[in-house]
Amino acid sequence: MKRSTVFNFCGIAAIVLFASYDNHAQTRTRIDAGSSKQEQVMQGLLDEVHQLRLAMQQIGVNAYRGQVMVERLRVQQERVDRITRELEGVKTQIGEMKAVQLTYKDKLDEAEKQQDKGMLSEAAVKMTRLGLEEFKRTEQSLSERENQLTGDLAIERASLDDLNKRLDGLEREMLMNMQINQSKDRKNE
């Protein structure tokens, strides 16, 4: 009987030990599974924070690029406007010079007629002729300036167009990035 009691006691002790070990192992597995799930959630959050940081950096870079581009665009537009005003002024001066030359041409013709009649000296006719030639030289100089300004204006307008295209490209890039981010957000939901 003592033997059977000892065996019974040993059997019960073994069952209790194995049962508690099994319980401990199951608890450990549950803790590991819970821990693994927490790690996955934590990793997901870290990934999301990383994506947000990258998005914020991209927004900052695009904002800076946009500000620089807009400022360059403003300066370039001022150049185009200044050259346009100067060109219009030169064209106005050329028109005025042509009108003055016509007047001087008429004066020269009248002076030559009066000289032929002996009413005006050669020196007076010569002065009128020199005045007309001076107006022609001034007109020629203004025409050269007009050509120079026309070329400069074409270059500055091309530069302005290029800046506008680059700004449009930046805007398209920003819209595309925004659409990509929105589609990623929809997939993650």
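Since every read-out is calculated from the coordinates, none of them should be taken as a lab result. If you're wondering where the values come from, they're calculated on a predicted model, not measured in any experiment. Methodologically, a virtual Cβ is constructed for each residue, glycine included, from the backbone with ideal geometry; neighbour enumeration extends over all protein chains shown.
Any idea which of ALA158, LEU132, ASN181 is furthest toward the positive side of the dipole for the stretch 110-189, if Lys and Arg beta-carbons carry +1 and Asp and Glu beta-carbons -1? So the residue we want is ASN181. A DSSP coil position with no more than 13 other Cβ atoms inside 10 Å describes the following trypsin sites (Lys or Arg not before Pro) in the stretch 97-187: LYS117. Ordering GLN77, GLN57, GLY89 by Cα displacement along the dipole of the stretch 32-144 toward the positive end leaves GLY89 in first place; charges were set at the Cβ atoms of Lys, Arg (+1) and Asp, Glu (-1). Ignoring aspartates and glutamates fewer than eight residues from LYS165 along the same chain, the ones with Cα atoms less than 16 angstrom from its Cα are GLU71, GLU156, GLU173.
Taking the square roots of 5 times each eigenvalue of the Cα gyration tensor of the stretch 141-189, largest first, gives ellipsoid semi-axes of 47, 4, 4 Å. Under 22 Å of direct C-alpha separation, and excluding same-chain neighbours fewer than eight residues apart, LYS117 reaches these lysines: LYS105, LYS107, LYS126.
Gyration tensor over the Cα atoms of the stretch 42-124: the corresponding equivalent ellipsoid has semi-axes (square roots of 5 times the eigenvalues, largest first) of 76, 7, 4 Å. Expressed in Å, the radius of gyration and Dmax of the Cα atoms of the stretch 75-189 are 28.9, 105.
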